[in-house]
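Structure record follows, encoded as structure tokens.
Any read-out appearing in this document is the output of simple, stated calculations on the displayed coordinates, not a laboratory observation. Please read these numbers as outputs of a predicted model, since none were measured by experiment. Positions of Cβ are generated from backbone atoms using ideal geometry, with glycine treated the same way; all protein chains shown enter the neighbour counts.
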Amino acid sequence: MLLDHGSTIPLYIQLKEHLRTQIETGVYPSGARLPSERDLAQAFQVSRMTARQALQLLAKDGFISSRVGKGTYVRRPKIAQDLYLLTSFTEDICQRGMVPGSRIIRAALDRADDEIAGHLQVAAGTEIILLSRVRLADNEPIAWEICHLNHRLCPGILERHDFSRESLYQVLREEYGCHLIWADQLISARIPDRRQRVALQLDDKTPVLSLTRVTYADHDQPVEFVRSVYRCDRYHLRTILRYTCD
């Protein structure tokens with residue numbers, strides 16, 4: 001395929017979009033090696049600088065990564081979460097044909113401090129459940145999650161279940177009749193702390209998505225207060241916006 005040299009769209013943009021389409025349609029699947037700058041320049045009759053710019057844009061958008069001395073390879077696609085749906089991490093990962101899992105950092109009874117008590121609408125000092133996990137997709141670390149639950153709503157849950165492999169939302173629904181209906185979620189970006197960087201296999205300059213969420217059941221009963229950080233290179237958030245006139 002030749003690019004349109006007469007178009008107002010820069011050649012490097014045309015080449016980038018062509019390669020992106022080939023990646024998304026599976027011509028270059030995850031893990032595949034892309035042609036070199038020289039080969040791209042010859043195939044599309046452009047300069048090596050144009051080919052380099054196209055590859056740089058693809059890398060910036062998270063489609064490819066370079067390995068020193070080995071070439072440029074297609075990265076695994078990001079995991080997308082739709083913001084207009086309330087789903088669990090396990091459901092998100094399974095829907096994408098991947099295997100969910102967790103590495104337990106801590107699972108124990110605790111006492112609610114003022115902040116946690118406020119979110120769960122209980123008195124400070126109330127017994128709660130603390131469940132801290134690194135969330136995995138195909139055994140790759142994706143997120144660090146610290147969850148606080150109102151123990152009164154799910155007594156004995158830690159003794160009867162292994163949340164390194166079970167879905168918390170499924171257990172709440174099927175065993176405790178706790179059907180989660182809606183959530184209030186705040187999203188921001190920040191630099192992870194050292195423990196999170198190590199657990200998520202990140203360098204000290206890579207930001208993360210930081211999510212704080214309170215999840216509610218029937219009658220606006222708060223069930224869960226959770227803080228999570230997600231790898232930006234493996235996870236993104238998607239929503240649909242509609243314009244409304246004033």
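Pick from Arg234, Arg48, Arg197: which is most flexible by mean-square fluctuation in a GNM of the chain where alpha carbon atoms under 10 Å apart are linked?
Among Arg234, Arg48, Arg197, the largest GNM mean-square fluctuation belongs to Arg48.
With a/c under 1.5 counting as rounded, go ahead and sort segment 155-198 into rounded, prolate or oblate using the C-alpha gyration tensor (a ≥ b ≥ c being the square roots of the eigenvalues; past the cut-off, prolate if a/b is larger than b/c, else oblate).
Working: a/c = 3.70, a/b = 1.56, b/c = 2.37.
Here segment 155-198 falls in the oblate category.
Could you tell me which residue out of Gly71, Cys178, Pro141 lies farthest along the dipole of the chain toward its positive end? Charges go on the beta carbon: Lys and Arg +1, Asp and Glu -1, centred on the Cα centre.
Gly71
Please give me the summed charge of the neighbours of Cys178: other residues whose Cβ is under 10 Å from its Cβ, Lys and Arg +1, Asp and Glu -1.
Numbers: positive: Arg173; negative: Glu174, Glu175, Asp218, Glu224.
Local charge sum for Cys178: -3.
Let me have the relative contact order for segment 127-246, percent, based on Cα pairs under 8 Å that are six or more residues apart. Before the final figure, lay out each step's value.
On the way: 186 pairs, mean separation 31.9, N = 120.
Result for segment 127-246 is 27 percent.
Pairs of Cα atoms under 8 Å, at least six residues apart: use those to get the relative contact order of segment 112-180, whole percent. Could the numbers behind the result be given before it?
Values: 67 pairs, mean separation 14.6, N = 69.
Value for segment 112-180: 21 percent.
Report the Stokes-Einstein translational diffusion coefficient (µm² s⁻¹, integer) for segment 113-191, Rh taken as the Kirkwood radius over Cα pairs, at 10 °C with viscosity 1.306 mPa s. Show your work: numbers first, answer last.
Values: Rh = 14.4 Å.
Answer, rounded: 110 µm²/s.
Using label points projected 7 Å from each Cα along Cα→Cβ, tell me how many nm separate Ser188 and Ala108, to one decimal.
The two pseudo-label positions are separated by 2.7 nm.
Report, to the nearest 10°, how far helix 11-24 tilts away from the longest principal axis of the Cα atoms in the chain, using its own Cα long axis and a range of 0 to 90°.
With both axes taken from Cα atoms, the answer is about 50 degrees.
What is the distance in Å between the Cα centres of segment 90-150 and segment 167-238?
Taking the Cα centre of each part, segment 90-150 and segment 167-238 sit 8 Å apart.
Using each residue's phi in segment 155-168, evaluate 6.51 cos²θ - 1.76 cosθ + 1.60 at θ = phi - 60° and report the 3J(HN,Hα) Karplus result to the nearest Hz, with x for Gly and Pro.
Values per residue, Gly and Pro as x: x, x, 5, 6, 6, 9, 9, 10, 8, 7, 9, 9, 8, 4 Hz.
Please report how many Lys pairs in the chain have alpha carbons closer than 20 angstrom, counting only residues at least 8 apart along the chain or sitting on separate chains. Each step should come with its number before you reach the end.
On the way: Lys16/Lys60; Lys16/Lys78; Lys60/Lys70; Lys60/Lys78; Lys60/Lys205; Lys78/Lys205.
Pairs that pass both the separation and distance tests number 6.
How big is Rg to Rh over segment 11-74, alpha-carbon atoms, Rh as the Kirkwood inverse-mean-distance radius?
Checking Rg against Rh, the ratio lands at 0.92.
What is the helix-to-structure angle for 48-60, meaning the angle in degrees between its Cα long axis and the longest Cα principal axis of the chain, kept from 0 to 90 and rounded to the nearest 10?
With both axes taken from Cα atoms, the answer is about 10 degrees.
Run the helix sum for the chain: -39,500 (n - 2.57) per DSSP H stretch of 4+ residues, divided by residue count, reported at 222 nm to the nearest 500 deg cm²/dmol. Write out the running numbers ahead of the final one.
On the way: 8 runs with 69 residues, N = 246.
Calculated at 222 nm, the ellipticity per residue is -8000 deg cm²/dmol.
About the Cα centre, and with charges only on the beta carbon of Lys, Arg (+1) and Asp, Glu (-1), how big is the dipole of segment 79-238? Nearest 20 debye, please. Provide the component values of the computation, followed by the final result.
Values: 20 positive and 24 negative charges, 112 e Å.
Dipole magnitude for segment 79-238 comes out near 540 debye.
Using the Kirkwood formula over every pair of different C-alpha atoms, what hydrodynamic radius in Å results for the chain? List each step's numbers first, then the result.
On the way: mean 1/r = 0.0482 Å⁻¹.
Hydrodynamic radius (Kirkwood, Cα pairs) of the chain is 20.8 Å.
Relative contact order for the chain using alpha-carbon pairs under 8 Å, separation at least 6, rounded to a whole percent? The partial results should precede the final answer.
Details: 413 pairs, mean separation 40.1, N = 246.
Rounded, it is 16 percent for the chain.
Regarding segment 44-95, what's the average projected area of the Cα-atom convex hull, expressed in nm²? Provide the component values of the computation, followed by the final result.
Numbers: hull surface 23.5 nm².
Directional mean of the projected Cα hull area for segment 44-95 stands at 5.9 nm².
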